[in-house]
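Take a look at the structure below.
The values are calculated or read from the model by the stated rules, or taken from the named source; none is laboratory data. Everything numeric in this text was worked out from a predicted model, so none of it was measured. Quick reminder, even Gly has a Cβ in these numbers, built from the backbone with ideal geometry, and neighbours come from all protein chains shown. What goes into the accessible areas is simple: the full protein's heavy atoms, side chains included, and nothing from ligands, DNA or RNA. Shrake-Rupley method; radii C 1.70, N 1.55, O 1.52, S 1.80 Å.
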Amino acid sequence: MRPPALRPLLGLLAQSGARLEAEVQGGSMESAIPAGSQIRIRCDREEAEPGQVVAFVTSLETLTIHRVWYRGRSARARAYIVTQGDANPFCDPPVLLGNVLGIATEWKSVDDERWRTIESADASRAGRGVLAAVVRRILCTALEAHPALATLVIRVIAAVRAPLVWLHPYPADAVRLTSVPATRDIRSGRNSAG
């Protein structure tokens, strides 16, 4: 699927309650979800809570799955979440809930047909070290002040970190939709064979 086609479909799918299958093409969620695995996504953006793994469209128009670390609380921040790949050293820019497709619920590896539940992590205790925790805290505090400030903060951190990426490069990142199991027709609400 070409990236520009994602946004128009996102709203329809997220409201449909559909269940989708996708292939994880990157390693940003390694050890929880190995690269090359199939995942199941339950289209529901409203349930995106800390610890869950969500599928969302990035500013680069790619579908990505990362873990939710924080959900905004203030009036300005309520429409945003902060995410981070389990294998990534730092979190992502704030994600608008409107860009969330749904919750990743299960995965299976290419060499095993058994589906496994994607475990929710305790976002307050999991992480990639003290520096990552400090960056997340700064970003979440900035998000509560104003989403634009949080985006600026993460861009500054990315610029400072850029020369050091060779120390810990980010794993490649992407999710490719592979199938839509039998579900309701998202336009009419009727059941359809997928």
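Hey, could you check the stretch 64-86 for residues that are β-branched (V, I, T) and more than 18 Å from I138 (Cβ to Cβ) and say which is surrounded by the most Cβ atoms within 10 Å (Cβ to Cβ)? It comes out as I65. Across the stretch 136-146, not a single residue is classified as open to solvent by 10 Å² or more (accessible area, probe 1.4 Å), modelled with pLDDT of 95 or more and within 28 Å of A18 (Cβ to Cβ). Residue count for the stretch 91-116 under the criterion of being farther than 18 Å from G51 by Cβ and part of a loop (DSSP other than H, G, I, E, B): the result is 8.
On the given criteria, is E47 modelled with pLDDT of 90 or more and either under 15 Å from V95 (Cβ atoms) or not β-branched (V, I, T) (or both)? No; evaluated as a whole, the condition is false for this residue. For V130, the criteria (1) open to solvent by less than 50 Å² (accessible area, probe 1.4 Å); (2) under 18 Å from I157 (Cβ atoms) hold in every case but one, which is (1). Taking each residue of the stretch 36-50 that is assigned to a loop (DSSP other than H, G, I, E, B) and looking for partners that are aromatic (F, W, Y) with beta-carbon atoms closer than 7 Å, six or more apart or interchain, yields S37/W107; P50/W69; P50/Y70.
Scanning the stretch 13-39 for residues that are open to solvent by 40 Å² or more (accessible area, probe 1.4 Å) and among the small types (G, A, S) yields G17, S31, A35. For E106, the requirement of being farther than 26 Å from R155 by Cα, at pLDDT 85 or above and surrounded by fewer than 14 Cβ atoms within 10 Å (Cβ to Cβ) is not met. Of all residue pairs spaced 6 or more apart or on separate chains, those with beta-carbon atoms under 6 Å, a first member in the stretch 127-155 that is basic (K, R) and a second member that is not in a helix (DSSP H, G or I) are R128/P89; R136/W69; R136/C91.
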